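Working notes, structure below.
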Amino acid sequence: MKDLSESRILIVDDTKTNIDILVQALRDEYKLSVAVDGAAALRSVEKSPPDLVLLDIVMPGIDGYEVCRQLRAQDSTRELPIMFLSSLEDVKDKTRGFEVGGNDYLTKPFEILEVKARVRSLLKAKAYADAVREAMARDLLIAREIQMGILPTDLTAATRHSALDVHAIIEPAQKVGGDLYEVLRASDDRLVVALGDVSGKGIPAALFMAITVTVLRTLARYIVDPAEILRRLNDELVERNPRGMFVTMQCLVFDMAECRVSFAGAGHHQLAIVSPGRPPRLACLSSGRPAGMMAFNPIESETFPLEPGETFVLFSDGVSEAMNAAEDFYGEERLLMALSASAETSAADTVAAVLADVRAFVAGAKQSDDITILAVRHAPGNA
């Protein structure tokens, strides 16, 4: 936990006498900064956030209430401790101070011993909260490493001599997430590809994702029909699902000996297909419910020939439902336009083009959902 002597306090007051009193009392125990009005205080916090703000209320320009309100409105300073030191002593003034987000309120003239005691209490609470957050961040980082380690990494090994080029990327909205993909070489002539999206986010979704990948990988090794894989996955998840979570999924089985691909979907949206000489199109609508919801899931598969140069693009709704600052959705039509511009390219280039187009659309807006993109290109000349 951080040593309190390393804490920095920002003193905000337009009266020099008040600043001098506080500086004299606190300078031997803490690092200090000073601002003489609300605008200067906000600039100081933006440049270098302190550990505590001692904030006057009645100041020229931006008053203390507004300074506190603006600090609470920003993610970076939402938890910053703020103690009002004000000559306003009516109950309504104190109440307003707490309503805008103040942690403490002390009226002037104040006893310096009381100020020091309250300052120390707020700094200790912040140091403890920071230590807890840092520990959680470390745990989440480890959890992310474990989660990413569950997913297949060497896709080249899985597709060697298969005439298939596969690439995938996953970007969780939080440290960990619920999206998943699988690329499994079940036999010399059979490659199983799947992409799923678990309900919810964060740690619960990540745990359910890990269970789903483990079960899916086991089933895909010996079951040929993608519909049967998803039906069995559904049954397994229903039995081990105390929180009622579920996963939408697409599953494709490529049969290289017969040069065909079979598809089945469990509540997931359509995938996109890019064929030489044709506009990109959506295809393969799911026939079943999301897996894990109910014991019976009427999932069926469909099979069609595999054409040279054809690319299959699977994606989570973090792509189609990505939002920009105006809260407009990226949408599937824009996805098809991006794929049209990247036709007849490698799987890696296709994935990169879609991800770049999504990023250009959101233009820096906060990511609201996990983004996963997987492309499979049939390239017989590379077998």
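The values are calculated or read from the model by the stated rules, or taken from the named source; none is laboratory data. Only a predicted model underlies this, so the values are computations on that prediction, with no experimental measurement involved. As a convention, Cβ positions derive from the backbone with ideal geometry for all residues, glycine included, and neighbour counts pool all protein chains shown. In case anyone asks, the SASA skips ligands and DNA or RNA and just uses the protein heavy atoms, side chains included. Shrake-Rupley method; radii C 1.70, N 1.55, O 1.52, S 1.80 Å.
A few points about this structure:
- Scanning region 121-151 for residues that are within 30 Å of Ser86 (Cβ to Cβ) and surrounded by 15 or more Cβ atoms within 10 Å (Cβ to Cβ) gives Leu122, Leu123, Lys126, Ala127.
- Of all residues in region 26-47, those satisfying the criterion of being surrounded by fewer than 16 Cβ atoms within 10 Å (Cβ to Cβ) and in contact (Cβ under 8 Å) with a residue 24 or more places away in the chain are Glu29, Lys31.
- Looking at Leu10, Leu26, just one residue is closer than 17 Å to Ala127 by Cβ, in contact with a Ser or Thr (Cβ under 6 Å, 6 or more places away or on another chain) and not hydroxyl-bearing (Ser, Thr, Tyr), and that residue is Leu10.
- Flag for Leu71 being in contact with an Asp or Glu (Cβ under 8 Å, 6 or more places away or on another chain) and part of a helix (DSSP H, G or I): no
- Here Val183 fulfils each of the conditions (1) more than 21 Å from the chain's Cα centre (by Cα); (2) among the hydrophobic types (A, V, I, L, M, F, W, C); (3) farther than 22 Å from Ala291 by Cα apart from (3).
- If you go through region 170-182 and keep only what is touching a residue at least 60 places away in the same chain (Cβ under 8 Å) and within 19 Å of Leu216 (Cα to Cα), you end up with Ile170, Gly177, Gly178, Asp179, Leu180, Tyr181.
Yes/no matrix, rows are residues, columns are (1) open to solvent by less than 10 Å² (accessible area, probe 1.4 Å); (2) closer than 20 Å to Phe312 by Cα:
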| position | (1), (2) |
| --- | --- |
| Thr153 | no, yes |
| Ala186 | no, yes |
| Ile203 | no, no |
| Leu233 | yes, no |
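- Of the strands (runs of 3 or more DSSP E) lying entirely inside region 286-383, those containing at least 3 residues that are open to solvent by less than 70 Å² (accessible area, probe 1.4 Å) span 311-315, 371-378.
- Qualifying positions in region 189-227 - of a type in the set (D, E, K, R) and free of Cβ contacts under 8 Å to residues at least 40 places away in the same chain: Arg217, Arg221
- Taking residues in region 282-302 that are of a type in the set (Val, Ile, Thr), and partners anywhere that are open to solvent by 10 Å² or more (accessible area, probe 1.4 Å), the pairs with Cβ atoms closer than 8 Å and at least 6 places apart or on different chains are Ile299/Arg231; Ile299/Ser286; Ile299/Ser287; Ile299/Gly288.
- Check on Val253, farther than 18 Å from Val215 by Cα and either acidic (Asp, Glu) or open to solvent by less than 30 Å² (accessible area, probe 1.4 Å) (or both): no
- The set of residues in region 97-120 that are in a helix (DSSP H, G or I), of a type in the set (Lys, Arg) and either at pLDDT below 95 or open to solvent by less than 70 Å² (accessible area, probe 1.4 Å) (or both) comprises Lys116, Arg118.
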